[in-house]
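Visitor: Handing you this structure, nothing more for now.
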Amino acid sequence: MQFQSLSRWEEAEIFLTKILSLHNETLGEENYETAFLTYLLSHSLRKPGRLDEAEKIRTKALEILNQLYGIKHSSTVVRMGNLAVVLRDQDRVDEAEESMVTELNLTSAMYGDNTPKTLRCMYNIAEILVDKGQFNEAETLLNKLLEARRRLYGNDNLETVSAQRKPAITHYQLYRFDEAITMMEEAVSRLQRILSDEHKVTQDTRELFNEMKSK
């Protein structure tokens, strides 16, 4: 949506609220388009930090899709992950983790273990584990994710390199500095080839690499 892409959140909220009201009147609440508009409205609330409102609306969207399609439908599973993001924003990491684990299990059952959707779910759980300070558990999951992306995409691929940065940070948090620096240096080198030396992702990764070396 144009309003959201321009970060005009208040205008987006007003616009979406009007459209959602019309959809509720004409199509009713238990309709896919109504559920999707409900999610978009929650997104407009989440960005400015109105997390309690965003949570209520995303919960409503999830309930609608669950009633329409059941818990094992792809649209329902995606909205489950969307709700988990808001829970994480609220620092309710245990609830967010529980929701993300359910999302991972359902996604894996629908698409298989080594698919982009499943690997994205795995990455989200690893980030939650880092938030909770469970670095060893996060490292195990991130290493599994990295190997899966290497098999799926190859080494010189942005998805693979992105998966390489997070375990490097986790190594560093576990005081395994040499491993962290080696892994981050390799990530910088690959990003230079994939994106260019001037790309922001390359520069940000190099800055992180230099910070690791300097400490």
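Visitor: Between segment 133-162 and segment 90-111, how many Å separate their Cα centres?
Guide: Measuring centre to centre over Cα atoms gives 18 Å.
Visitor: Per residue, how much space in cubic angstrom lies within the convex hull of the C-alpha atoms of segment 148-215?
Guide: Numbers: hull volume 4.8 nm³, N = 68.
Given the Cα convex hull of segment 148-215, per-residue volume reads 70 Å³.
Visitor: Could you pull the accessible area for Arg165 with a 1.4 Å probe, rounded to 10 Å²?
Guide: Rounded to the nearest 10, that gives 80 Å².
Visitor: Rounded, prolate or oblate: pick one for segment 45-152, where a ≥ b ≥ c are the square roots of the eigenvalues of its C-alpha gyration tensor, a/c under 1.5 means rounded, and failing that, prolate if a/b is larger than b/c, else oblate. Write out the running numbers ahead of the final one.
Guide: Working: a/c = 2.44, a/b = 1.27, b/c = 1.93.
Oblate is the answer for segment 45-152, as a/c is 1.5 or above yet b/c matches or exceeds a/b.
Visitor: While we're on this one: When a/c reaches 1.5 or more, the comparison of a/b and b/c decides; with that in mind, is segment 65-215 rounded, prolate or oblate per its Cα gyration tensor?
Guide: It comes out prolate by the Cα gyration axes.
Visitor: What's the magnitude of the charge dipole for segment 79-215 around its Cα centre, counting Lys and Arg as +1 and Asp and Glu as -1 at the beta-carbon? Answer in Debye, nearest 20.
Guide: Details: 19 positive and 24 negative charges, 73 e Å.
Computed charge dipole of segment 79-215: roughly 340 debye.
Visitor: Here is a follow-up. Leaving ligands, DNA and RNA out of it, rank Glu95, Glu186, Glu55, Glu103 by accessible area with a 1.4 Å probe, largest first. Could the numbers behind the result be given before it?
Guide: On the way: Glu95 85, Glu186 65, Glu55 40, Glu103 5 Å².
The residues order as Glu95, Glu186, Glu55, Glu103, largest area first.
Visitor: In segment 74-215, if the dipole is taken from +1 on Lys/Arg beta carbons and -1 on Asp/Glu beta carbons about the Cα centre, which of Ala180, Thr107, Leu87 is farthest to the positive end?
Guide: It is Thr107.
The values are calculated or read from the model by the stated rules, or taken from the named source; none is laboratory data. Only a predicted model underlies this, so the values are computations on that prediction, with no experimental measurement involved. Every residue, glycine among them, receives a Cβ derived from its backbone with ideal geometry; neighbour counts consider all protein chains shown. For accessibility, only protein heavy atoms count, side chains too; no ligands or nucleic acids. Shrake-Rupley method; radii C 1.70, N 1.55, O 1.52, S 1.80 Å.
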